[in-house]
1. Would you confirm whether or not the range 116-130 contains a residue that is surrounded by 22 or more Cβ atoms within 10 Å (Cβ to Cβ), assigned to a helix (DSSP H, G or I) and either among the aliphatic types (A, V, I, L, M) or near the ligand (Cβ under 9 Å from one of its atoms) (or both)?
2. Given the residues 293, 227, which is the only one that is touching a Ser or Thr at 6+ places or on another chain (Cβ under 7 Å), within 15 Å of the ligand (Cβ to nearest atom) and in a helix (DSSP H, G or I)?
3. Under 9 Å by Cβ, and 6 or more places apart or on different chains, what pairs join a residue from the range 236-260 that is in a helix (DSSP H, G or I) with one that is of a type in the set (Val, Ile, Thr) and at pLDDT below 95?
4. Restricting to the range 268-288, name every residue that is away from the ligand (no atom under 16 Å from the Cβ) and open to solvent by 50 Å² or more (accessible area, probe 1.4 Å).
5. What are the pairs with Cβ atoms under 7 angstrom where one residue, in the range 298-324, is within 16 Å of residue 267 (Cα to Cα) and the other, located anywhere, is crowded, with 18+ Cβ neighbours inside 10 Å and among the aromatic types (Phe, Trp, Tyr)? Sequence gap at least six, or different chains.
6. Has the range 164-184 got at least one residue that is more than 30 Å from residue 209 (Cα to Cα), among the aromatic types (Phe, Trp, Tyr), within 12 Å of the ligand (Cβ to nearest atom) and open to solvent by 10 Å² or more (accessible area, probe 1.4 Å)?
7. Please go through (1) open to solvent by 20 Å² or more (accessible area, probe 1.4 Å); (2) more than 21 Å from residue 25 (Cα to Cα); (3) of a type outside the set (A, V, I, L, M, F, W, C); (4) in a helix (DSSP H, G or I) for residue 82 and return the number of the only condition it doesn't satisfy.
Amino acid sequence: MILLGIESSCDETAVAVVKDGAVKANAIYSQIAKHAPYGGVVPEIASRDHVKKMPGIIEQALAEANCTFDDLDGIAVTYGPGLSSSLLIGYSAARALSLRLNLPIMGVNHHEGHIYSVFLGDEPPVLEGSFPMLTLLVSGGDTRLVYMKEPGHYEVIGQTIDDAAGEALDKGATLLGLGYPGGPVIQKFAEGGNPNAVRFPRGLDNPGGEWTYSYDRKLCFSFSGLKTSLLYYLQKNPSALEDENEKRDVTASYQEAVADALTRRMERALKKYKCASFSCAGGVSLNKPLRAKLAVLSEKTGIPLKLSTSKFCTDNAAMIAGAAAIKLRAGLPFAAPEDVNPNLTLENWAG
Ligand code: KG4
């Protein structure tokens with residue numbers, strides 16, 4: 001079974017081809033350079049660029065996979081969550097292809113795509129033995145802990161109550177004058193810096209106060225205080241922006257706070273939920289200190305860790321087509337959306 005996957009939820013125009021879940025092509029065009037001058041994604045620029053690039057990226061993916069439209073058995077497309085105007089471009093392309101080629105259209109939740117990305121590769125995915133699984137979903141807009149008894153069953157057990165981890169890195173990088181996107185520039189600049197030079201907060205450290213969320217507080221994240229703490233630190237210590245070595249230490253400490261806050265929650269979750277494996281997915285899962293900390297946690301607990309190869313960490317369409325293939329094989333139902341859903345969550349996912 002050959003599926004074409006289309007992803008355009010934010011600033012990547014991506015198209016992939018998977019055969020029985022094995023990735024045959026993974027074409028991605030990133031708009032990062034277009035948004036960098038603004039320090040974040042500008043929705044209007046994003047959607048207009050998707051329109052320009054989508055046809056060429058579809059052709060590129062088919063050529064890479066050495067197949068034609070006639071070889072396809074279905075079209076998998078991200079229909080949420082994301083920027084509505086961006087989602088609509090990928091969705092319209094998928095809808096047009098499905099009508100023209102008389103192929104089924106499969107709506108995939110972007111988060112589901114990230115979750116299953118840890119199983120992707122050149123060979124068909126193997127899920128046996130990995131469930132129940134705990135996933136730390138960390139992208140630009142999301143930070144969540146998801147418990148999956150089995151594929152297709154998503155229980156969000158904790159999430160950020162304010163900023164996402166990726167957002168904290170992006171905003172931190174702006175405060176440090178390092179540029180955009182924050183994660184990669186912070187990681188690069190922090191190399192050789194002392195991660196213990198400054199003790200930044202790990203979020204929700206202090207017990208007490210009102211707790212109005214239904215989630216266990218110990219499994220939730222908060223990054224807005226961390227960003228403010230960096231702001232105050234830089235105001236009190238202006239030399240940290242002038243002296244290269246001092247700035248490197250502050251940057252490494254900031255990155256350490258994000259990676260440590262994430263790993264701590266995963267450690268707590270692994271104590272509470274019995275799992276055959278745990279994973280980390282989404283753009284922030286590319287982060288080297290985070291990957292290293294999670295690997296140590298895996299060694300300590302004896303629970304296998306699953307991480308995606310780097311090309312499947314940030315937004316891509318292989319994860320969308322791959323998720324569709326995995327769900328088809330598991331006999332899980334699909335949404336056949338007639339529209340996009342920018343606020344789609346794992347809980348309200350309809351398929
Ligand atoms: O998953 P993704 O590509 O897009 C969303 O679906 O949001 O994630 C983008 C996020 C950005 O916040 C970016 O700063 C972060 O992933 N990121 C990283 C790294 N590479 C990208 N964060 C930490 N370390 C990295 N190496």
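1. yes
2. Result: 293 is the single residue among 293, 227 that is touching a Ser or Thr at 6+ places or on another chain (Cβ under 7 Å), within 15 Å of the ligand (Cβ to nearest atom) and in a helix (DSSP H, G or I).
3. Filtered contacts from the range 236-260: no entries.
4. Correct list: 268, 271, 272, 274.
5. Correct list of pairs: 303/278; 305/278.
6. Checked the range 164-184: at least one residue is more than 30 Å from residue 209 (Cα to Cα), among the aromatic types (Phe, Trp, Tyr), within 12 Å of the ligand (Cβ to nearest atom) and open to solvent by 10 Å² or more (accessible area, probe 1.4 Å).
7. The single condition residue 82 does not satisfy is (4).
The values are calculated or read from the model by the stated rules, or taken from the named source; none is laboratory data. Note that this is a predicted model, so its numbers are computed, not measured. A quick note on method: Cβ atoms are made from the backbone with ideal geometry, for glycine too, and the neighbour counts reach across all protein chains shown. Side chains included, ligands, DNA and RNA excluded: accessible areas come from the protein's heavy atoms. Shrake-Rupley method; radii C 1.70, N 1.55, O 1.52, S 1.80 Å.
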